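Since every read-out is calculated from the coordinates, none of them should be taken as a lab result. Source: prediction; values computed, not measured. Please note: Cβ atoms are built from the backbone with ideal geometry, for glycine as well, and neighbour counts cover all protein chains shown.
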């Protein structure tokens with residue numbers, strides 16, 4: 001066996017339907033399976049997404065709401081409890097400083113992410129952490145456990 005005589009498994013493929021090829025093609029003959037009349041039976045028929053036949057579309061009937069601050073900062077959040085789990089699993093070391101690169105290496109963040117540590121959970125090991133932001137409770141828990149926090153730009 002080699003690449004020149006490979007074939008798909010029996011029954012895994014079927015021929016495409018050839019529309020508009022007459023009565024003998026098995027696809028309805030005169031209407032080519034598109035039905036008799038109407039916009040969708042015509043050639044070149046395409047209806048834009050959200051078009052409702054002239055009725056006011058849903059996206060225009062509903063009110064606009066919310067606000068997006070284009071100057072806002074989005075953080076990838078990591079809880080103190082999750083840090084404790086990562087140390088227990090051996091994925092984080094207590095001897096070295098934990099930085100953004102450390103989170104990228106273990107797959108908890110991407111290189112472009114800004115990281116913020118939040119205070120959910122408990123921590124009983126001393127960690128030296130340098131990330132973009134800390135919540136007040138996270139900073140308190142890390143320092144009570146004997147660790148240190150450094151805010152980077």
Three-way shape call for the chain based on the alpha-carbon gyration tensor, with the a/c threshold at 1.5: oblate
Segments 10-23, 87-100 sorted - mean Cβ within 10 Å per residue, highest first: 87-100, 10-23
Between 0 and 90°, nearest 10: helix 80-89 axis offset from the chain longest Cα axis: 90
Gap separating the Cα centres of the range 87-138 and the range 34-68, nearest whole Å: 48
Sum of -39500 (n - 2.57) over DSSP H runs of 4+, divided by residues of the chain (222 nm, nearest 500): -5000 deg cm²/dmol
